[in-house]
1. Given the conditions (1) out of contact with any Ser or Thr (no Cβ under 6 Å at 6 or more places or on another chain); (2) part of a helix (DSSP H, G or I); (3) away from ligand 1 (no atom under 16 Å from the Cβ), report the number of the one that SER232 does not fulfil.
2. Filter the stretch 190-204 down to residues that are buried (at least 18 other Cβ atoms within 10 Å of the Cβ) and more than 17 Å from GLU164 (Cβ to Cβ), then give me how many there are.
3. Given the criterion under 22 Å from VAL17 (Cα atoms) and more than 12 Å from the chain's Cα centre (by Cα), identify the matching residue among PHE243, PHE219, PHE302.
4. Mind telling me which of the residues GLY147, GLY128 ends up being surrounded by fewer than 21 Cβ atoms within 10 Å (Cβ to Cβ) and either closer than 30 Å to ASP333 by Cα or within 16 Å of ligand 2 (Cβ to nearest atom) (or both)?
5. For residues in the stretch 235-259 being touching a Phe, Trp or Tyr at 6+ places or on another chain (Cβ under 7 Å) and among the hydrophobic types (A, V, I, L, M, F, W, C), which is nearest to ligand 1 (Cβ to nearest atom)?
6. Please determine, by comparing only the residues of the stretch 128-146 that are touching a residue at least 24 places away in the same chain (Cβ under 8 Å) and over 19 Å from VAL223 (Cβ atoms), which one is nearest to ligand 1 (Cβ to nearest atom).
7. Can you tell me which residue is surrounded by the fewest Cβ atoms within 10 Å (Cβ to Cβ) among those in the stretch 236-260 that are among the aliphatic types (A, V, I, L, M), within 14 Å of ligand 2 (Cβ to nearest atom) and farther than 19 Å from THR294 by Cα?
8. Considering ALA289, ALA284, which residue is more than 15 Å from ligand 2 (Cβ to nearest atom), in contact (Cβ under 8 Å) with a residue 12 or more places away in the chain and surrounded by fewer than 20 Cβ atoms within 10 Å (Cβ to Cβ)?
Amino acid sequence: MELNIALLAGDGIGPEVIDQAVKVSNAVAKKYNHEINWTPALTGAAAIDAVGEPYPDETHDVCVAADAVLFGAIGHPRFDNDPSAKVRPEQGLLKMRQKLGLFANVRPTFTFPSLIDKSPLKRERIEGTDLVFLRELTSGVYFGERGRKDDNNTAFDTMTYTREEIQRLAKKGFELAMTRTKKLCCVDKANVLESSRLWRETVQAMEKDYPEVTVSYEFVDAVAMRLVQWPSDYDVLITENLFGDILTDEASVISGSMGLMPSASVGTDNKLYEPIHGSYPQAAGKDIANPLATILSAAMMFEDFGLTDEAKAVRDVVNKSLAEKIVTEDLADGAKSYKTSEVGDWLAENI
Ligand code: IPM
Ligand code: MN
């Protein structure tokens with residue numbers, strides 16, 4: 001198979017972790033006789049510096065023309081402490097999600113047997129956790145009307161959803177649940193928010209089309225608590241944009257490290273794969289960041305192209321590196337650690 005992949009390294013540790021994912025993907029391509037054509041493009045602070053815009057039109061064109069996008073991270077501290085900045089790297093990410101129509105963000109949470117004691121949560125609570133969040137990604141309070149009024153003394157952000165936006169996300173949730181344990185949880189705040197009541201009403205109306213799926217409806221605050229208490233009670237969870245943002249960071253604690261969790265953002269026409277961690281500016285350029293989340297995101301990409309063996313090869317070699325402790329310092333427990341690039345080399349050689 002010939003794959004054309006847009007490569008958006010972005011900011012901070014983005015370029016370093018992306019390099020390792022490319023190494024490992026190329027090794028997979030070589031082994032299984034595929035050809036991957038990578039087309040780099042600018043995004044984030046790097047793009048602001050180069051062309052004054054965090055998601056330039058040229059980058060969008062590269063993404064649209066590609067079969068998929070592999071993305072590193074976005075964000076730079078120089079913008080974080082400047083509320084008056086007119087252009088921010090994160091705007092590029094939101095614009096990219098919206099323009100590419102990536103309405104469903106798939107964020108799995110699972111544990112690695114060799115790392116189970118890295119999690120701050122007790123082993124017996126988290127063993128066997130295997131859940132997936134489907135976070136709505138192109139609507140809600142991230143994209144609703146916002147502004148200031150009353151002489152700049154009042155600010156507002158609006159959580160808006162249409163029935164159709166909820167339906168298309170929920171459909172993916174039901175379909176995913178059918179391929180797994182047929183359990184779906186709709187996470188909302190229907191006791192307070194009107195948009196959540198529309199979520200609940202819409203998902204309830206879809207239940208009849210998926211009679212085998214058991215659907216539960218839970219409030220987001222309760223899920224925040226139960227998620228770390230009994231994570232294995234959950235399988236597929238669907239939720240709106242901001243709730244999903246918060247809960248998936250929380251869920252990453254179960255696996256023991258944010259440096260491990262991959263994600264896919266999909267829509268009707270485009271697909272993007274990225275680690276759930278951010279740009280981790282403190283580590284940028286030091287060759288110490290954990291590349292596994294990005295490498296496992298590339299595995300999700302192979303899977304979505306129907307390349308199941310290839311995806312498995314990536315996951316197997318990652319598990320092997322963890323078992324043999326060929327890991328970056330965040331996972332080394334004070335024992336010998338390896339550089340980002342060394343972990344990438346080792347994985348590529350062992351594919
Ligand atoms: C994420 C990030 C982004 C988000 C930020 C960087 C805008 O936290 O992908 O989860 O809030 O969606
Ligand atoms: Mn987030």
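1. It fails just one condition, (1).
2. Qualifying residue count for the region: 1.
3. PHE302 is the lone residue from the list that is under 22 Å from VAL17 (Cα atoms) and more than 12 Å from the chain's Cα centre (by Cα).
4. GLY128
5. LEU242
6. Ranking the qualifying residues of the stretch 128-146, first place goes to TYR142.
7. The qualifying residue surrounded by the fewest Cβ atoms within 10 Å (Cβ to Cβ) is ILE246.
8. Unique residue meeting the criteria: ALA284.
The values are calculated or read from the model by the stated rules, or taken from the named source; none is laboratory data. Note that the structure is predicted; figures quoted are calculated from it, not measured. Ideal geometry is used to build each Cβ from the backbone, glycine not excepted, and the neighbour counts take in all protein chains shown. Just so you know, the surface numbers come from the protein's heavy atoms only, side chains and all, with ligands and any DNA or RNA stripped out. Shrake-Rupley method; radii C 1.70, N 1.55, O 1.52, S 1.80 Å.
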